[in-house]
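J.: What follows is a single structure, and I will ask about it in a moment.
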Amino acid sequence: MTSFVSHTTVDCHNAYELSEWWKGLLGYVDVEGDPNEPGHEECMVLDPDSGHSILFIEVPDAELPAKRIHFDLRPREGSRDAEVERVRGLGAVEVADQRGQWGPGTGWVVFADPEGNQFCVLRSQAEVDAGPPPPAG
């Protein structure tokens with residue numbers, strides 16, 4: 001099992017304004033059916049030719065961290081949780097577990113590589129397509 005870079009994430013103070021600036025610079029576009037608007041805390045832009053995407057996400061820190069850009073990885077097959085275990089086995093250090101923060105089946109896990117560069121492991125595309133699990137009960 002391996003992962004691929006789902007998108008590159010940029011921590012920022014104003015996701016909409018920064019995404020608009022980068023769209024103009026790179027010729028990227030909004031994701032079809034998900035337009036970016038003022039006030040959105042997360043804005044994704046997409047290269048219409050290659051499909052590469054950049055996610056601009058607002059962080060509450062007054063001072064932005066020095067490491068503001070990171071990869072979000074998505075398992076090519078299997079589940080997020082299986083990939084989390086594989087990544088852990090390769091020696092990555094877990095920084096934060098955000099699984100379930102927004103309901104069952106949501107979230108990601110933040111890791112650091114051997115030099116401290118952070119990256120996130122997301123749910124697989126199959127898990128995303130399946131939607132959240134039904135409520136327990």
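J.: What residues qualify as long-range amide H neighbours of residue 99, i.e. H under 5 Å apart, gap of 5 or more or another chain, H built at 1.01 Å from N?
T.: Residues meeting the criterion, in which the H sits 1.01 Å from N, are 108.
J.: Pop out the carbon and sulfur fraction of the accessible area of the chain as a percent, whole number, probe 1.4 Å.
T.: Carbon and sulfur: 54 percent of the exposed surface of the chain.
J.: Helix 15-26 versus the longest principal axis of the chain: what angle, 0 to 90°, nearest 10, using Cα atoms?
T.: Its long axis makes an angle of about 70 degrees.
J.: Among 130, 1, 98, whose Cα projects farthest towards the positive end of the dipole of the chain, with charges put on the beta-carbon of Lys, Arg (+1) and Asp, Glu (-1)?
T.: 1
J.: Report, by chain and number, residues whose modeled amide H sits under 5 Å from the one on residue 56, excluding near sequence neighbours (fewer than 5 apart, same chain).
T.: Counting only residues 5 or more places away or on other chains, the set is 10, 43, 44, 45.
J.: Give, as a single signed number, the net charge of other residues whose beta carbon lies under 11 Å from the beta carbon of residue 121, with Lys and Arg counted +1 and Asp and Glu -1.
T.: Result for the neighbourhood of residue 121: 0.
J.: As I understand it, the value is the acute angle between the Cα axis of helix 80-89 and the longest principal axis of the Cα atoms of the chain; what does it come to in degrees, rounded to 10?
T.: So the helix axis and the longest Cα principal axis differ by about 80 degrees.
J.: Same structure, new question: Over the chain, average the accessible area per residue using a 1.4 Å probe and give it in Å², no decimals.
T.: Here the residues of the chain average 61 Å² of exposed surface.
J.: Taking the full set of protein chains and a 1.4 angstrom probe, give the accessible area of residue 80 in square angstrom, rounded to the nearest 10.
T.: That residue has around 20 Å² of solvent-accessible surface.
The values are calculated or read from the model by the stated rules, or taken from the named source; none is laboratory data. Note that this is a predicted model, so its numbers are computed, not measured. Cβ: placed from backbone, ideal geometry, glycine included. Neighbour counts: every protein chain shown. Ligands, DNA and RNA are excluded from the accessible area calculation, which covers all protein heavy atoms including side chains. Shrake-Rupley method; radii C 1.70, N 1.55, O 1.52, S 1.80 Å.
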